[in-house]
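Novice: Once you've had a glance at the structure underneath, I'll fire off some questions.
Derivation of every value follows stated rules applied to the coordinates shown; laboratory data play no part. Just so it is clear, the model here is predicted, and its values are computed rather than measured. Glycine gets a Cβ as well: all are built from the backbone with ideal geometry, and neighbour counts include every protein chain shown.
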Amino acid sequence: MREIIINTPTKQYPVYITNIQNLEPLTHNGKVLVVSNPKVAGLHLSSILPKIVAKEVYVCIIPDGEAYKDLRSVEYILECAFTHKLDRNSLFVALGGGVVGDIVGFVSGIYQRGVEFVQIPTTLLAQVDSSVGGKCGINNAFGKNLIGLFHQPKAVYAYTNLLSTLDSREFSAGVAEIIKMAVCFDKEFFAYLQGACLQDTQSLEYAIAKSIEIKAMVVSKDEKEQGLRAALNYGHTFGHVIENLTHYRGYLHGECVAIGMCMANDLALKLSLISQEERESIKALLEHYNLPTSYKIADVREFWEKFFLDKKSRDCKITFVLPVHIGGVCMRDDIPKEIVMEVLEQYSK
Ligand SMILES: NC(=O)c1ccc[n+]([C@@H]2O[C@H](COP(=O)([O-])OP(=O)(O)OC[C@H]3O[C@@H](n4cnc5c(N)ncnc54)[C@H](O)[C@@H]3O)[C@@H](O)[C@H]2O)c1
Ligand SMILES: [Zn+2]
């Protein structure tokens, strides 16, 4: 078992990375509400429930999918919590991927002005990225994650064996976020991933732990995304546009991030920030893990306009996170439109 302590200015908490059999039960001296979706509950609730020892344990099931990371689900979970008379000493448990994790973080952050919650992330993306760091956003008609708060969990239990039921595309989508961490912050980890097979349990545990360590370092320095944490948006500026243009269907988030990293690399190459060899080796690593690296842009002007939908495009400036070498990034909001358009043109042929 690996244990990583996350230190933020507001809270310190552990992340356990292990097999479910290896860990002591989660004990709580109040009521517990476990929130999940039908798919994850069907697969894993029966092995998780015996691991929760509390005064009373209730389960609340919300529909599966990004479309339900919204206020309707918030209302529904709140109703469950009030019906079962959860109080300020109660604990919420998020059992699921990033969708369940974000929404439970949000609900527990507003329930009676905030109660504690625990994350049991069940996708690779949630284990390496969304369950750590306390960002809890939900969607509305105006866009993704536009309503939310920072609320750090009490603990994160990343049980790697829960990932065995994940389909291969979802698994690869999580690897995209792992590669993102390596390119941004850790050259040796990048080299490790080049030679690794993440189907192997030991390698997978190592890669999850390493990614969480990187995220822990980032959030300890910049909990509220005023600087360094924005580096984790590498691949996302372009990726969010692809998600938007494909209406959040067709490509998974991690797949869009993989393509977005390739686009960011092309921009970095044009600006002579990285070499052709570095660009190629990042692309090869993404392909090694079965991630897409190309996308056909139908209309480059439309693509450009969509950059401004992102809440991070402040004052009509787009901030690009660009690698400066493998293991280092910079943030630039001064890149001339013509240069960005040249990159977009490359993807329109
Ligand atoms: N808070 C953050 O810092 C942060 C960071 C990155 C992403 N996110 C958010 O995370 C969400 C994406 O998370 P995701 O990729 O985990 O998607 P998800 O939660 O929708 O899960 C993907 C699919 O896998 C299923 N699933 C989950 N665990 C499974 C398992 N063990 N076996 C089989 N199927 C399983 C889910 O039911 C779902 O159908 C987005 O809403 C995104 O905005 C948040
Ligand atoms: Zn992401």
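Novice: Taking the dipole about the Cα centre of the stretch 1-146, with the C-beta of Lys and Arg at +1 and of Asp and Glu at -1, give me whichever of Val128, Asn29, Val74 is farthest to the positive side.
Specialist: Sorting the options by dipole projection puts first Asn29.
Novice: Another question about this same structure. Per residue of the chain, what 222 nm ellipticity follows from adding -39500 (n - 2.57) for every DSSP H run with n ≥ 4, rounded to the nearest 500?
Specialist: -12000 deg cm²/dmol
Novice: With +1 on each Lys and Arg Cβ and -1 on each Asp and Glu Cβ, and nothing else charged, work out how big the dipole of the chain is about its Cα centre, in Debye to the nearest 20.
Specialist: The calculation lands at about 740 debye.
Novice: Quick one: P(r) of the stretch 108-196 from all Cα-Cα pairs, 10 Å bins, percents rounded to integers, in order of increasing distance.
Specialist: 15, 35, 36, 12, 2
Novice: With the contact rule set at Cα under 8 Å and sequence spacing of 6 or more, what percent relative contact order holds for the stretch 2-164?
Specialist: Here the relative contact order equals 25 percent.
Novice: Additional query: Work out from phi, with θ = phi - 60° and the Karplus expression 6.51 cos²θ - 1.76 cosθ + 1.60, the ³J(HN,Hα) of each residue of the stretch 151-163, listed in order in whole Hz, and give x for Gly and Pro.
Specialist: Here the 3J(HN,Hα) series is 8, 7, x, 7, 6, 10, 10, 8, 8, 5, 6, 5, 6 Hz.
Novice: Taking every DSSP beta bridge with both residues inside the stretch 2-164, roughly what % is antiparallel (nearest 5)?
Specialist: Bridges in the stretch 2-164 are about 30 percent antiparallel.
Novice: So for the stretch 249-349, averaging the separation of alpha carbon pairs under 8 Å that are six or more residues apart and normalising by length, what relative contact order in percent results?
Specialist: 32
Novice: What is the Cα centroid distance between the stretch 1-76 and the stretch 239-294, reported in whole angstrom?
Specialist: 32
Novice: Hey, can you grab everything whose amide H is under 5 Å from the amide H of Leu26? Only 5+ residues off in sequence or another chain; H modelled, so Pro and N-termini drop out.
Specialist: Placed amide hydrogens put Ile52, Val53 under 5 Å from Leu26.
Novice: Work out, step by step, the length gained on full extension between Lys55 and Arg301: first 0.36 nm times the residue separation, then minus their alpha carbon distance; give nm to one decimal.
Specialist: 82.8 nm
Novice: Here is a follow-up. Principal axis lengths of the stretch 2-164 from Cα atoms, whole Å, largest first?
Specialist: Dimensions of the stretch 2-164 along the principal axes of its Cα atoms: 42, 35, 31 Å.
Novice: Just checking the chain: which Cys have no other cysteine's beta-carbon under 4.7 Å?
Specialist: Cys136, Cys184, Cys197, Cys256, Cys262, Cys316, Cys330 - these cysteines have no disulfide-compatible partner (Cβ-Cβ under 4.7 Å) in the chain.
Novice: Based on a Kirkwood Rh over C-alpha pairs, give the Stokes-Einstein translational diffusion coefficient of the chain at 4 °C and viscosity 1.567 mPa s in µm²/s.
Specialist: Answer from the Stokes-Einstein relation: 63 µm²/s.
Novice: Check cross-link reach from Lys31 to the lysines: straight Cα distance under 20 Å, and skip same-chain residues fewer than eight apart.
Specialist: Cα-Cα hits under 20 Å: Lys51, Lys55, Lys85, Lys154.
Novice: Determine the gain in length on full extension of the stretch Ser220-Leu23; use 0.36 nm per residue of separation and subtract their C-alpha separation, reporting nm with one decimal.
Specialist: Here the segment from Ser220 to Leu23 would lengthen by 68.3 nm.
Novice: Please compute the length gained on full extension between Leu271 and Lys85, using 0.36 nm multiplied by the number of residues separating them and subtracting their Cα-Cα distance.
Specialist: Answer, rounded to one decimal: 61.2 nm.
Novice: Taking the Cβ-Cβ separation of Gln12 and Arg169 as r and a Förster radius of 35 Å, what is the calculated FRET efficiency to the nearest 0.05?
Specialist: Once rounded, the FRET efficiency stands at 0.50.
Novice: In addition: Residue by residue, what Karplus-based ³J(HN,Hα) values in Hz, rounded to whole numbers, does the stretch 220-226 have, using 6.51, -1.76 and 1.60 with θ = phi - 60° and x for Gly and Pro?
Specialist: Along the stretch 220-226, the couplings run 5, 8, 8, 4, 9, 6, 9 Hz.
Novice: Additional query: Can you work out ³J(HN,Hα) from phi for every residue in the stretch 35-50, in order, using Karplus 6.51 cos²θ - 1.76 cosθ + 1.60 and θ = phi - 60°, giving whole Hz and x for Gly and Pro?
Specialist: Residue by residue, the stretch 35-50 yields 10, 8, 10, x, 5, 5, 4, x, 7, 10, 4, 5, 8, 7, 4, x Hz.
Novice: Continuing with the same structure: Where both partners of a DSSP beta bridge lie in the chain, what percent of those bridges are antiparallel, to the nearest 5?
Specialist: 40
Novice: Could you give the angle, 0 to 90 degrees to the nearest 10, between helix 236-245's Cα long axis and the longest principal axis of the Cα atoms of the chain?
Specialist: 80
Novice: Here is a further query. What's the exposure ranking of Lys51, Lys31, going from fewest to most Cβ atoms within 10 Å?
Specialist: The order, fewest Cβ neighbours first, is Lys51, Lys31.
Novice: 5 Å is the cut-off here: which amide hydrogens, built 1.01 Å from N in the peptide plane, fall below it relative to Ile6, excluding neighbours closer than 5 in sequence?
Specialist: The list, which skips near neighbours in sequence, is Tyr13, Val15.
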